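Trainee: Mind looking over this structure? Questions follow.
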Amino acid sequence: MHAALYRAGAFAIIRSLVELARGQTSRARRTLNESVAELRLRDAAQLLPVALALRVLSTPSIDSAQPDVWLDFVSLDRAPQPRQILARAAFAAAKGETLADYPLFERELLAGDSGRLVDAAGRSTRRRLADLARAAEGSRAARLARLVDVFDDPDPAAAEELARDATTSGYWGIAVQALARAAHLWSTAGDVRRCGIVVRQLRRLVRSHGVTPGDYAARALAIAELTSREEEIVRLTRSGKSNADIARALTVSQRTVEGHLYRIFAKLGIADRSQLSSEFDPGIDGM
């Protein structure tokens, strides 16, 4: 029985690593919770510290104000900083080590903190992530290095190209961040329709693969949010009403309805009413 529990816990760690690499942090946390529960009962290879460290890694916005994140480490002499916890817990290391002693964990923490990567103050963070990514081998490291380049590039086409490549390769978390970058750039450029197309791709990716968007991607999704009046027009359009019918129902002119629909189509990155019926889901992203 103990051997079976150990195997289940070990395999759960492997699954969580795949999920983390794909950006499915919510799913990874559930898997790691399973792993921790199993390994507490049987841990022949001392994998529990690794599972606990990965659980910290999968926690968005790691913050010392989140006691549940480091509850398992209260036996330490003093409560360390969350990033020191990660480094020390990973291999039950000796005191005094820092996250810099574990470049893989540091790289993944930086990569997941897209909010810090994109602003002007995040230039040093981007440089550090680029250095860590370029010092490593493997396709994920190469794409993380490209992601840093995308955050420094004002051309949204580069972000979209990386998103396509990352999606094809199964690095959905990187693809989400790249699409979010493209959406923000198109929005800044004032191209509402192109921004809407990218946000639609972003929404599909998040929904179909269960990727946790993060703050930066969530802000990109919010760009295409509809007003209450636009939502009402969408509802009436989906019910089969014509523009004239909608105008009468809302006591506005038909031209006003047409203007609303034009803006709705642009925000959602669609071309006509038929796509509105098939693409728009009011249960997604608060719309």
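Read-outs throughout are calculated quantities, based only on the coordinates presented, and are distinct from any laboratory measurement. Please read all numbers here as calculations on a predicted model, not as lab measurements. Heads up, the Cβs are rebuilt from the backbone with ideal geometry, glycines too, and the neighbour counts pull from every protein chain shown.
Trainee: Cβ neighbours within 10 Å, averaged per peptide: list 234-243, 20-29 in order, most packed at the top. Walk me through the numbers before you get to the answer.
Mentor: On the way: 234-243: 15.4, 20-29: 20.9.
Those peptides, ordered most packed to least, come out 20-29, 234-243.
Trainee: To continue, here is another question. Per the Debye formula with a single identical scatterer at each Cα and no solvent contribution, what log10 I(q)/I(0) holds for segment 212-266 at q = 0.15, 0.26, 0.31 Å⁻¹?
Mentor: Per q value, in the given order, log10 I(q)/I(0) is -0.48, -0.97, -1.25.
Trainee: Using only alpha-carbon positions, what ratio does the radius of gyration of segment 177-287 give when scaled by 2.2 N^0.38 Å? Can you show the working numbers first?
Mentor: Values: Rg = 14.4 Å, N = 111, 2.2 N^0.38 = 13.2 Å.
Rg over 2.2 N^0.38 Å, computed on Cα atoms: 1.09.
Trainee: Computed from the mean reciprocal separation of all distinct C-alpha pairs, what Kirkwood hydrodynamic radius does segment 106-223 have, in Å? Intermediate results must be reported in sequence, preceding the final value.
Mentor: Numbers: mean 1/r = 0.0720 Å⁻¹.
In segment 106-223 this quantity evaluates to 13.9 Å.
Trainee: By its C-alpha gyration tensor, with a ≥ b ≥ c as the square roots of the eigenvalues, how is segment 138-202 shaped: rounded for a/c under 1.5, else prolate for a/b larger than b/c, else oblate?
Mentor: Working: a/c = 2.96, a/b = 1.63, b/c = 1.81.
Verdict is oblate for segment 138-202.
Trainee: Assuming a viscosity of 1.306 mPa s and a temperature of 10 °C, what translational diffusion coefficient in µm² per second does Stokes-Einstein assign to segment 104-143, Rh being the Kirkwood radius over Cα pairs?
Mentor: Details: Rh = 10.2 Å.
It comes out at roughly 156 µm²/s.
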